[in-house]
Amino acid sequence: MPVEREKLEADVLIVGAGPAGLACALRLSQLIEQNSAGGNPPAISAENIYVLEKARELGAHQLSGAIMDPCALRELVQDFEKTAPLDTPVTGDAAYFLSETGSWKLPITPPPLQNHGNYVVSLNRLTKWLGGLVEKAGVNVFTQFAGASLIYEGKGIAGVITEDKGVDKNGKPKDNFTPGYELRSKITVLAEGPRGSLTKNLVNQLHLDGLNPQVYGIGIKELWDVQPGKIETGYVAHTLGWPLDSHKYGGGWIYGLSDNRVSLGMVVGLEYKDSLFDPHEAFQKFKTHPFVRKILEGGKLVRYGAKTVPYGGWHSMPQSYVDGGLIIGDSASLLNSQRLKGIHTAIKSGMLAAEAIYEALAAGNTSANALSAYQKKLEASWIRKELWEVRNFHQGFHDGLWPGLFNAGLQFVSGGRGLTDPARCRPGYQDFRRLDRPRELVDQSTRFKGDGTLTFNRLTDVYHSGTRHEEDQPCHLVVSDPSICADRCVREYGNPCQYYCPAAVYEMVLETGQPKLKINASNCVHCKTCDIADPYQIVNWVPPEGGGGPNYEGM
Ligand SMILES: Cc1cc2nc3c(=O)[nH]c(=O)nc-3n(C[C@H](O)[C@H](O)[C@H](O)COP(=O)(O)OP(=O)(O)OC[C@H]3O[C@@H](n4cnc5c(N)ncnc54)[C@H](O)[C@@H]3O)c2cc1C
């Protein structure tokens, strides 16, 4: 039955309150103020800018290492150092190669991993702070509201429908049913971070893919409180090697925060061959290495989280402008994978989008042609310079660590060219090697359990992510054909969803003797790995009821 929806109209609608979306909103409010102060009637007013965020509060879905290059934030908020919640400046950095028991410090920290002048931050806190500035400027920020689907109009977009609230698990309205809003806007900005659900739809519908498809990694992180003296505040270490073999792209990090807090984690490219590889377990093993263990011993796990990282870079950038719409930040493939940094480029892209939007609204022209000014601004900015120099970096690792490092060295001296330019890549899920085995389930009781002190199983970790969802709602992990899981996938790949999901969402169970997929949707930490890595591409991650998901407090 068609649902009667309340209609709201905005000038600018920003979907996603991460660094990109909030920087866009703040820069717009600055342009309004500058124009008013200069005696020009502003093209829009701050009250007509809406920001939607699916998390229960600002910052709750932000997960990052996070070392921030402050260059963009300095452009946006000149005196940010006075009020921004910066945990600590980086005081020293090092890079190590790990074997199972040994560690070798590289004589020189490779330039991309040098962090002098950068800050270690909690992206959760930084986002809350940025959101506070946006709200103070009069912009409407709505948390607990997800953009559920796009409103397509002509050759572009004209807003979003927010998710219906109060629907039961069978799709029936409950007593508290509230239909989603039809939120129309002159310009809709997609700032959904990696693998945005609306962005994915838009890119597919309007064929906006870049030269390469987007490729991703999964990042798994824990925050620990450690004994005093274990690590210096502001000390930053990156590791290569164990427990990842040389065919997997990735590495670990350990950052010393203030008050004896440590951020540590591991990123792994989602393009490995072994479909039974478990990134969560690999991260747990990482903590048992003597180099890491000695820092954590006597400490306590505080928080856990996981999120994907878009590694594709410049050559995976989709066309980021359509009639009435723009794509910014991680959704637009603006992360620098060589530095594992995307906060600064997300902020800058939000600012450039704001400038293009302001000009378009002032001219009364929101066509793709007018909004292509955003792309031109990106290309004229330092973002293009930074990303162009690493445009072939990630692709170089497709055949393993050593060819990748060789290619990275060549790129360093050839301005990003490397061995081939442009280097092509394919979606990572195509790399899974087929197992071709009998249609039998692997005994999951033999899986990694952890010791409960230094290492943990996935459910204990999910508990530390603060994840919460309304239980009685439709499953937000939509598997279009579960018979594939129970028949083909069991045989061909051994159901990799049970392994790559860092939150124990997917389980294959026996029901009357037959394999069946069970989805524990309420564990979902919104990392979107399943949507990306499923070998048959039958998993569609859609936003659950607004407010659901992790709570990455202090992450
Ligand atoms: C493990 C890890 C480590 C990292 N380390 C670093 C680092 O050290 N330094 C660095 O600079 N960068 C780092 N990054 C990258 C950095 O976090 C991102 O580049 C940056 O956060 C991108 O900002 P964004 O605003 O584009 O996206 P996000 O920060 O992902 O924000 C997107 C927001 O949109 C919301 N959203 C998504 N879809 C919807 C929807 N449909 N409706 C409503 N809301 C929606 C999400 O809840 C989220 O709050 C790291 C990333 C990871 C995963």
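The values are calculated or read from the model by the stated rules, or taken from the named source; none is laboratory data. Note that this is a predicted model, so its numbers are computed, not measured. Cβ placement follows ideal geometry from the backbone for every residue including glycine, while neighbour counts extend to all protein chains displayed. Heavy atoms of the whole protein, side chains included, go into the accessibility calculation; ligands, DNA and RNA do not. Shrake-Rupley method; radii C 1.70, N 1.55, O 1.52, S 1.80 Å.
This model, with +1 at the C-beta of Lys and Arg and -1 at the C-beta of Asp and Glu, gives the chain a dipole about its Cα centre of some 900 debye. For the range 147-266, the share of accessible area belonging to carbon and sulfur comes to 47 percent (1.4 Å probe, ligands and nucleic acids excluded). About the centre of its Cα atoms, the range 190-342 shows a dipole size close to 400 debye [charges on the beta carbon of Lys, Arg (+1) and Asp, Glu (-1) only; nearest 20 debye]. Computed on protein heavy atoms with a 1.4 Å probe, the accessible areas place Tyr50, Tyr429 in the order Tyr429, Tyr50, largest first. I'd like to know which of Val203, Gln34, Gly250 lies farthest towards the positive end of the charge dipole of the chain, counting +1 on Cβ of Lys and Arg and -1 on Cβ of Asp and Glu. The listed residue farthest towards the positive side: Gly250. Note on exposure: Asp168, Asp245 ranked by accessible area (1.4 Å probe, complete protein assembly) read Asp245, Asp168, with the most exposed listed first. Solvent-accessible area assigned to carbon and sulfur over the range 281-409 amounts to 53 percent, based on a 1.4 Å probe.
Between Gln205 and Arg437, the distance separating the two model label sites (each 7 Å from Cα on the Cα→Cβ line) works out to 4.1 nm.
Over the chain, the hull volume per residue, using the convex hull of the C-alpha atoms, is 150 Å³.
With the charge dipole of the chain set up from +1 on Lys and Arg Cβ and -1 on Asp and Glu Cβ about the Cα centre, the Cα lying farthest toward the positive end among the listed residues Tyr321, Ser381, Asn140 is that of Ser381.
Among Thr178, Thr455, Thr83, the order of accessible area from largest down is Thr83, Thr178, Thr455, computed with a 1.4 Å probe on protein heavy atoms. Spin-label pair Lys136-Glu4: with each label point 7 Å from Cα along the Cα-Cβ axis, the two points sit 4.2 nm from one another.
When only Cα pairs below 8 angstrom with a gap of at least 6 residues are kept, the range 237-338 shows a relative contact order of 17 percent. Using a probe of 1.4 Å on the protein chains alone, the accessible area found for Thr453 is around 90 Å². Compared with the direct C-alpha span, the chain from Ser36 to Ser483 gains 154.9 nm at full extension, assuming 0.36 nm per residue. Counting protein heavy atoms only, the range 436-555 has 50 percent of its accessible area on carbon and sulfur, 1.4 angstrom probe. Over the range 1-67, what is the mean sequence separation of C-alpha contacts under 8 Å (at least six apart), divided by residue count, expressed as relative contact order in percent? After rounding, I find 42 percent.
Exceedance of the 25 Å cut-off in Cα-Cα distance is limited, within the set Lys174/Lys528; Lys136/Lys348; Lys273/Lys307; Lys221/Lys449, to Lys174/Lys528. Amide hydrogen proximity for Gly251: with H placed 1.01 Å from N in the peptide plane, the residues at 5 or more positions away or on another chain lying under 5 Å are Val267. Dipole size of the range 83-227 about its Cα centre, with +1 on Lys/Arg Cβ and -1 on Asp/Glu Cβ: approximately 300 debye, rounded to the nearest 20. Pairs of Cα atoms nearer than 8 Å and 6+ residues apart set the relative contact order; for the chain it is 20 percent. Per residue, the chain exposes an accessible area of 40 Å² to a 1.4 Å probe, with every protein chain left in place.
Ordering Leu270, Pro213, Leu240 by Cα displacement along the dipole of the chain toward the positive end leaves Leu240 in first place; charges were set at the Cβ atoms of Lys, Arg (+1) and Asp, Glu (-1). As a ratio to 2.2 N^0.38 Å, the alpha-carbon radius of gyration for the range 455-555 is 1.09.
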